[in-house]
1. For region 89-110, how many residues meet the condition of being surrounded by 19 or more Cβ atoms within 10 Å (Cβ to Cβ) and modelled with pLDDT of 95 or more?
2. Within region 128-144, count every residue that is under 27 Å from Tyr52 (Cβ atoms) and outside any loop (DSSP other than H, G, I, E, B).
3. Would you tally the residues in region 148-164 being closer than 12 Å to Met177 by Cα and surrounded by 24 or more Cβ atoms within 10 Å (Cβ to Cβ)?
4. Hey, can you tell me all the residues within region 31-48 that are of a type in the set (Asp, Glu) and loosely packed, with under 12 Cβ neighbours inside 10 Å?
5. Kindly check whether there is at least one residue in region 52-74 that is in the same structural domain as Pro169 (by TED's automatic domain parsing), touching a Leu at 6+ places or on another chain (Cβ under 6 Å) and in contact (Cβ under 8 Å) with a residue 60 or more places away in the chain.
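The values are calculated or read from the model by the stated rules, or taken from the named source; none is laboratory data. Owing to the predicted nature of the structure, the values given are computational and were not obtained by experimental measurement. No Cβ is skipped: glycine too gets one built from the backbone with ideal geometry, and neighbour counts run over all protein chains shown.
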Amino acid sequence: MCILASKMKALICDLDGVLIDSRPQMGIAFEKSYRRYFGASVKPPTDRFFSYMGMPLPEILRRMALPTEMYETYRDISRSLLDDMHLFAGIPDLLETAKHLGMRIGLSTGKDRQRTREILRHFKLTSYFECVVCGDDPFPGKPDPYGLNLTLSQLRVGAAEAVFVGDSPLDIRYARMASVIGIGAEWGFCSRDELLASGAQVTFPSVSHLNAWLTRPANTTRSGVLPV
């Protein structure tokens, strides 16, 4: 199978693990929240928490049978750690490339809209995204395809003309359920093998590799063919 970059009219991205490296900050926020409710000496189930990445936080708490009150605690701690996040290398270049090539750009994240807006403003990324879908929007979260279908509709592109870049098996399932090409971000939370096993049609080891694919063989044509 080959994916033609030249046929892609939209780039849709996840946030955590794709645009921003937030894993340390998320781990700290979860562990502090957990210990507030269960005691300072208790070991938080952080690995299990990360296994649900991509889902809205209330759904993660429900699946882990944790108090719903932890949502506000986690969110407040997370917001206080904004300076501990950073963009993955090459993200501004990637978004500039997509913009220069005339691609529509969207964002679909399990994070709530308030924190998403704060993060985009903090990193000066807000202007790139024509559509932003968040975990607290009034419809089912990932992997239900409603949010991605809505994004496609707002960007005015068909499923076959878009790629979704995600870093988790949940993200790849999300793309597949919407019939969108799922690209695995190896620089995020999961390995190449995990992403491929979940159905990713291709994975890239770094943001710069994805950027290079978009611009093959020259910045004006995007006619490169990617073997999968």
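1. Step one: filter region 89-110 for residues surrounded by 19 or more Cβ atoms within 10 Å (Cβ to Cβ), giving 91, 94-95, 97-98, 103-110.
Narrowing further to those that are modelled with pLDDT of 95 or more: 91, 94-95, 97-98, 103-109.
Result for region 89-110: 12.
2. Of region 128-144, the ones under 27 Å from Tyr52 (Cβ atoms) are 129, 131-144.
From what is left, the residues that are outside any loop (DSSP other than H, G, I, E, B) are 131-133.
So the answer is 3.
3. Within region 148-164, the subset closer than 12 Å to Met177 by Cα is 148-149, 159, 164.
Going one step further and asking which of them are surrounded by 24 or more Cβ atoms within 10 Å (Cβ to Cβ), we end up with 148, 164.
Qualifying residue count for the region: 2.
4. Going through region 31-48, the residues of a type in the set (Asp, Glu) turn out to be 31, 47.
Of everything in region 31-48, just one residue is of a type in the set (Asp, Glu) and loosely packed, with under 12 Cβ neighbours inside 10 Å, namely Asp47.
5. Narrowing region 52-74 to residues in the same structural domain as Pro169 (by TED's automatic domain parsing): none.
Among the residues of region 52-74, not one is in the same structural domain as Pro169 (by TED's automatic domain parsing), touching a Leu at 6+ places or on another chain (Cβ under 6 Å) and in contact (Cβ under 8 Å) with a residue 60 or more places away in the chain, which makes the answer no.
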